[in-house]
1. Where does the charge balance sit around residue 209 when Lys and Arg score +1, Asp and Glu -1, over other residues with C-beta under 15 Å from its C-beta?
2. Need one number: % antiparallel among DSSP beta bridges in the chain, to the nearest 5.
3. Charges only on Cβ, +1 for Lys and Arg, -1 for Asp and Glu: so what's the dipole of the chain about the Cα centre, in debye to the nearest 20?
4. Please list, by residue number, every one of the GluC sites (Glu not before Pro) in the range 232-276 that is coil in DSSP and has at most 16 other beta-carbon atoms within 10 Å.
5. Let me check against my output: what whole-number percent is the relative contact order of the range 169-321, with C-alpha pairs under 8 Å and at least 6 apart?
6. Between residue 39 and residue 196, what FRET efficiency follows from the Cβ-Cβ distance if R0 is 56 Å, with the result rounded to 0.05?
7. If you average 1/r over every pair of different alpha-carbon atoms in the chain and take one over that average, what Kirkwood value in Å do you get?
8. Count the lysine pairs in the chain whose Cα atoms sit under 25 Å apart, keeping only pairs 8 or more residues apart in sequence or on different chains.
Amino acid sequence: MKKTALVALGAAAAMVLAACSTSDSDNPQEDSTAANGEQLTLSHPSIEGLNIDFENPPETLVMDCYAYSSLHEYGLEPDALFGFECDNEALMGNADIEGIETVGQDAEIDLEKLAELRPDAIIGNGNADGWSWFEDDVNAQLTRVAPFVPLPSEGSIDEKIADTREIADFFGADVEAENIVAADEDYEAAKEAFSEAVEGKDYNFLLASPTKEMLYTGVGFAQADLLEELGANIVGPDALAEGNPWGQVAWEDASTYPADVILVENFDPEAPFAAELWADLPAVKADQLSSWSSKGALTSRTYADWLQDLADTVETYDKVA
């Protein structure tokens with residue numbers, strides 16, 4: 001769907017909203033119910049000064065797929081989905097999208113369908129102004145439909161998990177459920193296991209997202225910081241000062257960052273990346289490759305499983321760089 005289509009849909013959505021508004025104002029009983037309802041305010045846990053007001057406890061939720069992957073563990077289910085990577089099993093985990101209505105895909109959204117759902121909240125990656133991948137005019141229409149609640153995007157992995165949990169709690173999740181407590185315990189155990197796996201081995205870890213044109217690296221990502229806190233040596237260039245969180249390495253310079261272990265974003269051993277200069281890297285030659293994700297669910301379970309798998313794998317590796 002092109003941007004012009006989005007604007008057209010926005011006009012249709014505006015008519016739906018106007019109709020809803022007229023209908024509500026013609027019903028004194030509904031006005032009274034709204035006026036006497038319990039107003040709630042979400043003080044956003046990671047965006048200072050962002051307070052999001054709701055006239056009633058929010059029930060009808062629309063999420064982007066990143067939000068769903070994070071909130072599903074807490075038992076929160078969306079009434080509709082939009083966004084990127086909804087069919088990416090590595091990212092979505094056990095969050096099943098089958099049977100959930102879709103109001104958009106990738107960077108497109110059907111604002112008319114969204115408005116017809118009358119959601120109480122829209123949750124996804126973004127900031128106080130709206131979703132990260134929409135133009136300002138689309139976000140202006142989006143936030144007329146319902147308040148936008150951005151996922152936590154700053155801080156350490158532990159802080160992001162805690163902030164996501166706080167949002168889940170606001171929307172009525174049981175954040176002290178047995179599965180959540182067990183995941184927290186497993187996460188702490190996995191941290192310890194990874195620290196023990198790398199202790200005294202002086203392995204260099206490179207977090208990478210290789211493409212044919214360039215090698216992108218994840219120095220400074222929260223995942224890299226977590227591994228570093230647990231004892232790993234992280235190598236690679238820093239990100240550019242503005243506009244892009246990824247470090248960028250020309251292929252002819254890739255060998256200047258020697259790594260014993262390369263973590264490849266969403267690594268699939270059945271369909272590995274291939275390029276001549278990539279194949280020359282020591283970690284690739286030694287088949288010392290594992291996975292990481294710059295996105296994915298911000299939950300203890302996700303990071304417990306990742307760290308434990310990485311700890312078990314690293315135990316089988318050698319110093320090669």
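Just so you know, all these numbers are worked out from the coordinates, no wet-lab data involved. Keep in mind the model is a prediction, meaning the values are calculated, not measured. Every residue, glycine as well, gets a Cβ built from its backbone with ideal geometry; the counts of neighbours run over all protein chains shown.
1. Working: positive: 212, 295; negative: 85, 213, 265, 268.
Local charge sum for residue 209: -2.
2. Values: 14 of 35 bridges.
Counting DSSP beta bridges with both partners in the chain, the antiparallel share is about 40 percent.
3. Values: 14 positive and 66 negative charges, 175 e Å.
That gives a dipole near 840 debye.
4. Details: sites: 242, 252, 265, 270, 276; in loops: 242, 270.
In loop regions of the range 232-276 (DSSP not H, G, I, E or B), the sparsely surrounded GluC sites (Glu not before Pro) are 242, 270.
5. Values: 242 pairs, mean separation 47.0, N = 153.
Relative contact order comes out at 31 percent.
6. Numbers: r = 50 Å, r/R0 = 0.89.
For R0 = 56 Å, the calculated efficiency reads 0.65.
7. Numbers: mean 1/r = 0.0464 Å⁻¹.
Computed over Cα pairs of the chain, the Kirkwood hydrodynamic radius comes out at 21.6 Å.
8. Value for the chain: 12.
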